[in-house]
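A short write-up of the structure that comes next.
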Amino acid sequence: MKIADVRVVLADIPVKRPHAMSFTTLRAVNFVLVRLTTDDGVVGWGEAACLGGPTWSEESAESVAATIERYIAPWLVGRDAAGIEALRIEMTRRVQGNPFARAAVEMALWDLNGRALGVPVHRLLGGRVRDRVPLSWSLAVEDGDAEIDEARERVAAGHRIFKIKTGAHAVAHDVTRVRRIREAVGPDVSLRVDANQGWDRATALRAIRAMEPFDLDFVEQPLPRWDVAGMAEIGRQVAVPLMADESCFSPQDAMAIARLGGVSILALKITKSAGIIGAMAVARVAEAAGMGCYVGCMIETWLGTAAYLQVAVAAAPVTWGCEPFGPLLLTGDVVREPVRYADGAILALDGPGLGVTVDEARLKEWTRRG
């Protein structure tokens, strides 16, 4: 099963409403889609979603596409597509860093292999341990009243978990938002907070303590990515569990965080961990350290969402739910059949490969021109 062709497509899809985070306000998501074709005609697709350039990490859609086209595709053609681990190792050797680029290619390899064998990717990962995963919706609306309306609408639609994006405004502003949302959704709905590295140590401690009365499940990435010692220190001083996201790209990062203590949860993302293999490795470290996991997202299409879902149903320590809500926020998509949501959860896919099929006509609607 030799790889005969590697195709890279840049696409941009607007969001239904601006998504305000500590580092940017998102109005469209930039995508790189990778199409691998074997010499016998089997096709696999992968995706990397980027949030408005090199904002969340150092990679942008443009850098991902250039890395794949110039440094990965030339040697990938002619290789055995069945050797996912061998190809992953070679990509790591040939391309330092650039996890989003490597993840998009590896995702396409998993899709291709699942389709060739007629089984879902989660079967190749050892099988699923759950058939649905509780879904979190991210609240990141600039207008406070509109945000409350959105939360109520989502509760009426069955959502029972919300993650509130903070860190872009003063602590008092964010505390008021959290209070109002708690009052609007009631005591039986789970609330989490994500600062996306938006606070320093003193601000984080003050903010978390001020929000503790609102019964938060966890606070995600309150400090800059590099300050894992500060995360550990704050984690030992507050009652709310902390989750590491931007601080935890690799299994080595996960081990360092586990050794320091103070952090209870690790966020899994396929793109930041350079692929499904890397994300599952982080989950194994979490499991060994007695930590829980949560599957995050970068606001993927149904394609990337399907890949994240394969990890969410197969990784045992994913006990805090997930947030692949991207298709619900995007104005369009690129696949024929959608991932299924029901009763505040995302449901496992059992079709071959990632379980969804890219519609190239729909993809053409969003493909970047020029």
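The values are calculated or read from the model by the stated rules, or taken from the named source; none is laboratory data. Predicted model only: the values in this text are computed from it and were never measured. So basically every Cβ, Gly included, is an ideal-geometry build from the backbone, and we count neighbours across all protein chains shown.
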Answer yes if at least one residue in region 265-284 is over 13 Å from the mean Cα position of the chain (by Cα), closer than 22 Å to SER136 by Cβ, crowded, with 19+ Cβ neighbours inside 10 Å and of a type in the set (S, T, N, Q), and no otherwise.
no
Name the one entry in LEU87, LEU76, LEU26 that is of a type in the set (A, V, I, L, M), outside the structural domain of ALA204 (by TED's automatic domain parsing) and either within 21 Å of the chain's Cα centre (by Cα) or under 20 Å from LEU268 (Cα atoms) (or both).
LEU26
Having 2 or more residues that are polar (S, T, N, Q) and touching a residue at least 12 places away in the same chain (Cβ under 8 Å) is the bar; report the helices (runs of 4 or more DSSP H) wholly within region 59-116 that clear it.
61-67
From HIS159, HIS169, which residue is crowded, with 22+ Cβ neighbours inside 10 Å, part of a loop (DSSP other than H, G, I, E, B) and either on the phi < 0 side of the Ramachandran plot or not assigned by TED's automatic domain parsing to the domain that holds GLU58 (or both)?
HIS159
Quick one: count up the residues across region 36-54 that are touching a residue at least 12 places away in the same chain (Cβ under 8 Å), outside any strand (DSSP E or B) and not aliphatic (A, V, I, L, M).
4
Scan of region 117-150 for residues that are over 21 Å from the mean Cα position of the chain (by Cα), outside any loop (DSSP other than H, G, I, E, B) and farther than 29 Å from MET1 by Cβ, ordered by number
GLY144, ASP145, ALA146, GLU147, ILE148, ASP149, GLU150
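Can you confirm whether ILE299 is within 12 Å of the chain's Cα centre (by Cα), in contact (Cβ under 8 Å) with a residue 60 or more places away in the chain, over 20 Å from LEU51 (Cβ atoms) and not assigned by TED's automatic domain parsing to the domain that holds GLU59?
no
Hey, any hits in region 1-9 for a residue that's at pLDDT below 95, in contact with a strand residue (DSSP E or B) (Cβ under 7 Å, 6 or more places away or on another chain), in a loop (DSSP other than H, G, I, E, B) and surrounded by 18 or more Cβ atoms within 10 Å (Cβ to Cβ)?
So far as region 1-9 goes, no, none of its residues is at pLDDT below 95, in contact with a strand residue (DSSP E or B) (Cβ under 7 Å, 6 or more places away or on another chain), in a loop (DSSP other than H, G, I, E, B) and surrounded by 18 or more Cβ atoms within 10 Å (Cβ to Cβ).
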For region 195-222, give me each residue that is within 14 Å of ALA170 (Cα to Cα), of a type in the set (D, E, K, R) and in contact with a Phe, Trp or Tyr (Cβ under 9 Å, 6 or more places away or on another chain).
ARG206
Name the pairs: first residue in region 311-340 and at positive phi, second residue in a helix (DSSP H, G or I), Cβ to Cβ under 7 Å, at least 6 apart or on different chains?
none
Hand me the list of helices (runs of 4 or more DSSP H) wholly inside region 275-370 holding 2 or more residues that are farther than 21 Å from VAL34 by Cα and not aromatic (Phe, Trp, Tyr).
276-289, 302-314, 326-329
Among ALA140, ALA170, ALA157, the single one that is under 23 Å from PRO224 (Cα atoms) and free of Cβ contacts under 8 Å to residues at least 12 places away in the same chain is ALA170
